[in-house]
Amino acid sequence: MAETMTPSITDEQIDKATDQLRAAMRKHREEIPKDVAQQALGVDNLGMRMFAVFRQVVEAMANMITRIVDVDNTQTPETVLTATGRKPYVDNTVVTAMPKGKGGKTEVIFFKPRPEAYANGLITDDNLEKEFEFVGLKPADPCSLDQVNTDDPAFADTHPNGTHWKNAEGKWCFAAFRRWHGERIVDVREGGRDWSGVWWFAGVRK
């Protein structure tokens, strides 16, 4: 049986990656003393160390799921949430204040954090925010996430998914979709949470 080969990174992509590294180093050159920079250039396998960071980003992005939805921002958060058809476990005050994105055609990207981001099988909202940064995304607004789960109710059966944001008081809030005790449910609450490894997180491009 013929083996399917995955195309490798191209020379053009390699050039683009090195151009970005060059631009970043020039932008921040005043932060690096010349003598110390020369010492760093003598470190064994420096190139492989730098490549390892790029490979981490690639591996994280390879484990992503994309959904395109049409978000109607004229609807109230309550209406959007009701449209999911899920049993709600919500704080109505949090629902009313849910932030909205740009609306219209929206690309929502789901990912899982790196294993090292978890402590004892859980990841905090603060560390989750760092994982969004790592993969170059920002948390999806809950209305866009609602639309994903409205369009595809079965998605959360196999991919429990959520997003988070800070309210006006700077407290973490979250929206989470999953199947629990045979029911499709949605949680929208304040206070943040520690997320287990089963969760996928919804982001949008910056």
Quiz item: Which of the residues spanning segment 16-33 are surrounded by fewer than 10 Cβ atoms within 10 Å (Cβ to Cβ) and of a type in the set (D, E, K, R)?
Solution: ARG26, LYS27, GLU30, GLU31
Exercise. Return the residue satisfying two criteria in turn: it lies in segment 71-117 and is touching a Gly at 6+ places or on another chain (Cβ under 7 Å) and part of a strand (DSSP E or B), and of such residues it is surrounded by the fewest Cβ atoms within 10 Å (Cβ to Cβ).
Key: ILE109
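This table checks each residue for (1) closer than 30 Å to LYS102 by Cβ; (2) modelled with pLDDT of 90 or more; (3) over 26 Å from the mean Cα position of the chain (by Cα); (4) among the polar types (S, T, N, Q).
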site	(1), (2), (3), (4)
PRO7	no, no, no, no
GLU12	no, yes, yes, no
GLU31	no, yes, yes, no
MET61	yes, no, no, no
VAL69	yes, yes, no, no
Quiz item: If we keep just the residues of segment 119-178 that are touching a residue at least 60 places away in the same chain (Cβ under 8 Å) and in contact with a Cys (Cβ under 7 Å, 6 or more places away or on another chain), which is farthest from TRP200 (Cα to Cα)?
Solution: ASN167
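Which of the following residues is buried (at least 21 other Cβ atoms within 10 Å of the Cβ), in a helix (DSSP H, G or I) and not basic (Lys, Arg): ALA156, ALA202, ALA176?
Exactly one residue qualifies, and that residue is ALA156.
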Practice problem: Return a yes/no flag: does segment 160-170 have any residue that is touching a helix residue (DSSP H, G or I) at 6+ places or on another chain (Cβ under 7 Å), at pLDDT 95 or above and either outside the structural domain of PHE110 (by TED's automatic domain parsing) or outside any strand (DSSP E or B) (or both). | Solution: no
Exercise. All but one of (1) surrounded by fewer than 17 Cβ atoms within 10 Å (Cβ to Cβ); (2) assigned to a helix (DSSP H, G or I) hold for LEU128, so report the exception by its number.
Key: (1)
Quiz item: Which one of the conditions (1) within 25 Å of the chain's Cα centre (by Cα); (2) modelled with pLDDT of 95 or more does PHE51 fail to meet, given that it meets all the rest?
Solution: (2)
Quiz item: Which ones in segment 130-168 are under 18 Å from VAL94 (Cβ atoms) and under 14 Å from the mean Cα position of the chain (by Cα)?
Solution: PRO139, ALA140, ASP141, PRO142, SER144, LEU145, ASN161, GLY162, THR163, HIS164, TRP165
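The values are calculated or read from the model by the stated rules, or taken from the named source; none is laboratory data. Keep in mind that what you see is a predicted model, and the values were worked out from it rather than measured. FYI the Cβ positions are ideal-geometry reconstructions off the backbone, even for glycines, and counts take in every protein chain you see.
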